[in-house]
1. Check residue 64 against each of (1) at negative phi; (2) touching a residue at least 24 places away in the same chain (Cβ under 8 Å); (3) exposed (fewer than 15 other Cβ atoms within 10 Å of the Cβ) and name the one condition it does not meet.
2. From (1) without any contact (Cβ under 8 Å) to a residue 60 or more places away in the chain; (2) touching a strand residue (DSSP E or B) at 6+ places or on another chain (Cβ under 9 Å); (3) outside any helix (DSSP H, G or I), pick out the condition that doesn't hold for residue 93.
3. In segment 37-49, is there at least one residue being loosely packed, with under 14 Cβ neighbours inside 10 Å, assigned by TED's automatic domain parsing to the domain that holds residue 196 and in a loop (DSSP other than H, G, I, E, B)?
4. Between 18, 3, 25, which is part of a loop (DSSP other than H, G, I, E, B), exposed (fewer than 14 other Cβ atoms within 10 Å of the Cβ) and under 30 Å from the mean Cα position of the chain (by Cα)?
5. Failed condition for residue 72, given (1) assigned to a loop (DSSP other than H, G, I, E, B); (2) over 30 Å from residue 129 (Cα atoms); (3) out of contact with any helix residue (DSSP H, G or I) (no Cβ under 6 Å at 6 or more places or on another chain); (4) free of Cβ contacts under 8 Å to residues at least 12 places away in the same chain, with all others met?
6. Within segment 99-120, count every residue that is surrounded by 14 or more Cβ atoms within 10 Å (Cβ to Cβ) and on the phi < 0 side of the Ramachandran plot.
7. Listed residues 146, 203; which is modelled with pLDDT under 90, over 19 Å from residue 80 (Cβ atoms) and in contact with a strand residue (DSSP E or B) (Cβ under 7 Å, 6 or more places away or on another chain)?
8. So residue 12 passes all but one of these: (1) in the same structural domain as residue 138 (by TED's automatic domain parsing); (2) touching a helix residue (DSSP H, G or I) at 6+ places or on another chain (Cβ under 6 Å); (3) over 29 Å from residue 111 (Cβ atoms). Which condition number does it fail?
């Protein structure tokens, strides 16, 4: 175990090393970097994290992260409110928005079905999606989950829940390779996959 000259330094390194992808060496480098900054800068950095954790909200409509009860996308009158794009998380919303090829609304599930991780339909925002469709204003649902086994399982579960509604159910064209997560797909490929989306039924088994 590495020896630290300060308990305070060690505590900070321990906390940083809990972040995903950050080992203890990287954590130490980050902490030492902060120690070289002015106290005011470090205070601003710390306060921004505290404010983020205490003040952040989830949109009451789509469950995207938001500063307000209803996010900027859902409250934007220029968005096409008849189309919902179903995604796993906030990073996928950001990825799709960066393509500038989509002008509808979103529904953030907060994950995907993964029995190995103890995540079932009840842990996701699937029932709220069904309720939105049941209001009758939506004409198309785009299933834009990662093309992994878990993503495909979640797509199929949602499809079975929605197939009796009078709504078109589509999915991304296979420009997104099987096994890919949306956040790692380049914007051009993702944009084309959105524009060239196909009926979900025709994608099953392919």
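1. Evaluating residue 64 over (1) at negative phi; (2) touching a residue at least 24 places away in the same chain (Cβ under 8 Å); (3) exposed (fewer than 15 other Cβ atoms within 10 Å of the Cβ) leaves (3) as the failure.
2. With (1) without any contact (Cβ under 8 Å) to a residue 60 or more places away in the chain; (2) touching a strand residue (DSSP E or B) at 6+ places or on another chain (Cβ under 9 Å); (3) outside any helix (DSSP H, G or I) applied to residue 93, the lone miss is (3).
3. no
4. Selected residue: 18, the only one of 18, 3, 25 that is part of a loop (DSSP other than H, G, I, E, B), exposed (fewer than 14 other Cβ atoms within 10 Å of the Cβ) and under 30 Å from the mean Cα position of the chain (by Cα).
5. Just one mismatch for residue 72, condition (2).
6. 13
7. 203
8. (1)
The values are calculated or read from the model by the stated rules, or taken from the named source; none is laboratory data. Since the model is a prediction, treat every value here as computed from it, not as a measurement. A quick note on method: Cβ atoms are made from the backbone with ideal geometry, for glycine too, and the neighbour counts reach across all protein chains shown.
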